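The values are calculated or read from the model by the stated rules, or taken from the named source; none is laboratory data. Computed from a predicted model, the values in this text were never measured in an experiment. All Cβ positions, even for glycine, are placed from backbone atoms using ideal geometry, and neighbour counts span all protein chains on display. Keep in mind that these areas ignore ligands, DNA and RNA; they rest on the heavy atoms of the full protein, side chains included. Shrake-Rupley method; radii C 1.70, N 1.55, O 1.52, S 1.80 Å.
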Amino acid sequence: MNKLKVYQYPKCGTCRNAVKWLQNEGYELELQNIFEEAPTKEEMTELVAKSGLELKKFFNTSGEVYKEMNLKDKLPGLSDEEKIELLSGNGRLIKRPIVTDGKRVTVGFKAEQYQEAWGK
């Protein structure tokens, strides 16, 4: 059985749907509460690199913290290192869930995307 690490927030409906989908596919999951324990700078750097996505795709742009910090205007002027530091410093800024098997990474939850990445 394959084991996946899922950075998620238990009260998030999208996260619960993703976890249920992955469990239905037979995966063993290691769940990490992203609000209590955000990925470290090293983990975020690795997740971004393995995902193939732009760094801005990891930000929860609809979240309260993102809006309170006025990041829509500030992000373009920040370096990648500063963006990684923001994400690793506050799990509420991170789009969730993030799923990885150590080689691949997906961000968010769309059944079609999961079928392609994690379907058996």
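The residues in the range 5-30 that are closer than 18 Å to Gly91 by Cβ and touching a residue at least 24 places away in the same chain (Cβ under 8 Å) can be counted, and the count is 12. All of Leu53, Leu87, Leu31 fail the test of being at pLDDT 95 or above, open to solvent by 50 Å² or more (accessible area, probe 1.4 Å) and farther than 16 Å from Lys3 by Cα, apart from Leu53.
Taking the criterion of being of a type in the set (Val, Ile, Thr) and open to solvent by less than 60 Å² (accessible area, probe 1.4 Å), the only residue of the range 56-67 that qualifies is Val65.
The residues of the range 3-26 that are buried (at least 19 other Cβ atoms within 10 Å of the Cβ) and over 12 Å from the mean Cα position of the chain (by Cα), listed by number, are Leu4, Val19, Leu22. Would you call Leu47 modelled with pLDDT of 95 or more, under 19 Å from Glu116 (Cβ atoms), under 12 Å from the mean Cα position of the chain (by Cα) and open to solvent by 20 Å² or more (accessible area, probe 1.4 Å)? No. Scanning the range 81-120 for residues that are farther than 20 Å from Ile34 by Cα and acidic (Asp, Glu) turns up Glu112, Glu116. Of the residues Ile94, Ile84, the single one that is among the β-branched types (Val, Ile, Thr), farther than 27 Å from Gln23 by Cα and touching a residue at least 40 places away in the same chain (Cβ under 8 Å) is Ile84. Does the range 6-24 contain any residue that is in a helix (DSSP H, G or I) and hydroxyl-bearing (Ser, Thr, Tyr)? Taking every residue of the range 6-24 in turn, at least one turns out to be in a helix (DSSP H, G or I) and hydroxyl-bearing (Ser, Thr, Tyr).
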